[in-house]
Amino acid sequence: MGDVRLKDIANRAGVSVSTVSRTLSGSSNRIGKATQEKILKIASELGFAQSRTMRIKASFEELKLATIFISDRESFLSPFFTKILEGIDQEIHRKDLDVNIAHTILTVKDEAFSSSIQDSKIDAAIILGRASNDVIEHIKSNIPVIAYAGLNSIGNMDEVLCDARKGIEEAVSYLASLGRKRIAYIGPTDKQNIANEHRFRGYKEGLMKANLEYDDLLVQDIYLSPQDGYDGAKTLLDRVMPDAIVAANDNAALGIIRCLNERKIKIPQEVAVTGFDNIEASAFLRPALTTFDVPKSDIGRFAAKIVIDRCLNPRTENITINIPYKLVERESTVEKEDY
């Protein structure tokens, strides 16, 4: 007998392919026990469990994969996410894949988002961005296979991460090693209702490791656009003068550096600045931004790889892949004669 397809089992059981996929992958919390038992019995009768030498294989005529932006403030227009999408695209168009993939991009801010994920029979999704637990659970309840790609762990799913919490902690340690004592943070804090945002914790842990005292006056809570960074820097500088600023990402750092330049504050002599993620624009700022390079395309490639593999070879355990970042020193922390 050839490889048994999920569609074969679904037709025999009178259920959808996604219901079969959820049952066989162990993601069947919302499927009745009788239906699960029926699916497993039919799968066994068809020899599904024995195909490919005991490896469960789900053969799709076409795998419906969605990339979903789970925040209403983030989208494919971001240079960070553009690179992740490039990596996803590279993986799903590999010539040696044994499945056709229909790829679509969705965002929670679209009015038709909920109906889209309920009606379009999406087999799997890669989720990008930051959101509340309610948004994440809504997606998980409607799509059988999920992987998260990004900087801050969600947990309880496949994930490809470049650990921004640890990176921000290292940014603080790096600035402290340069003799900076009043290190500010401009970025999201724990005041925001975001399930997967841990950079502020990294900032506080970095201060502790450097034996520096935490000061609320040195913290400005923002989202992560250049305008947010600019506005956050204005508010911060109106009340206190730091000798270094850790920006939660490079987008925020763009606005921070503009604000410092407008106030004729010398960078890095008076205030050093670091970012995180190394978008292309960071090298062309004046001064060029010291940041941490994130292999964004690799995050996308590995996310697509593990979500496709989970569809084709259902498993119950979750996989986490950690992608390393790398410090890129530029003029915003190193004076030109040392650069």
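Observations
- In the stretch 33-58, the residues that are farther than 16 Å from Thr19 by Cα reach residues that are at pLDDT 50 or above and surrounded by fewer than 17 Cβ atoms within 10 Å (Cβ to Cβ) with C-beta atoms within less than 6 angstrom, at least six apart or across chains, in these pairs: Ser51/Asp3; Arg55/Asn313.
- Flag for Lys264 being over 30 Å from Ile143 (Cα atoms) and in a loop (DSSP other than H, G, I, E, B): yes
- Restricted to the stretch 309-320, and to residues there that are part of a helix (DSSP H, G or I) and out of contact with any strand residue (DSSP E or B) (no Cβ under 7 Å at 6 or more places or on another chain), the residue that is surrounded by the most Cβ atoms within 10 Å (Cβ to Cβ) is Leu312.
- Taken over the stretch 123-146, the criterion of being open to solvent by 10 Å² or more (accessible area, probe 1.4 Å), closer than 15 Å to Ser18 by Cα, in contact (Cβ under 8 Å) with a residue 40 or more places away in the chain and not hydroxyl-bearing (Ser, Thr, Tyr) is satisfied by Asp123, Pro144, Ile146.
- Residues in the stretch 201-242 that are touching an Asp or Glu at 6+ places or on another chain (Cβ under 7 Å) and more than 12 Å from Ala171 (Cα to Cα): 1 in all.
- Within the stretch 26-35, tally of residues that are surrounded by 15 or more Cβ atoms within 10 Å (Cβ to Cβ) and at pLDDT 85 or above: 1
- When residues of the stretch 286-308 are limited to those that are open to solvent by less than 20 Å² (accessible area, probe 1.4 Å) and in a loop (DSSP other than H, G, I, E, B), the one farthest from Gly255 (Cα to Cα): Val294
- Every residue from the stretch 257-300 that is under 20 Å from the mean Cα position of the chain (by Cα) and of a type in the set (Asp, Glu): Asp277, Glu280, Asp293, Asp298
- Members of the stretch 175-214 found to be over 20 Å from Glu74 (Cβ atoms), in a loop (DSSP other than H, G, I, E, B) and open to solvent by less than 70 Å² (accessible area, probe 1.4 Å), listed by number: Gly179, Arg180, Ala210, Leu212
- Residues of the stretch 64-104 classified as free of Cβ contacts under 8 Å to residues at least 40 places away in the same chain and either small (Gly, Ala, Ser) or open to solvent by less than 10 Å² (accessible area, probe 1.4 Å) (or both), total: 1
- Residue that is nearest to Ile267 (Cα to Cα), among those in the stretch 308-339 that are of a type in the set (A, V, I, L, M, F, W, C) and in contact with a helix residue (DSSP H, G or I) (Cβ under 9 Å, 6 or more places away or on another chain): Val328
- Of all the residues in the stretch 264-285, those that are free of Cβ contacts under 8 Å to residues at least 12 places away in the same chain and surrounded by 24 or more Cβ atoms within 10 Å (Cβ to Cβ) number 0.
The values are calculated or read from the model by the stated rules, or taken from the named source; none is laboratory data. Just so it is clear, the model here is predicted, and its values are computed rather than measured. All Cβ positions, glycine included, derive from the backbone under ideal geometry; neighbour counts span all protein chains shown. Each accessible area value is taken on the protein alone, full model and side chains, heavy atoms only, with ligands, DNA and RNA left out. Shrake-Rupley method; radii C 1.70, N 1.55, O 1.52, S 1.80 Å.
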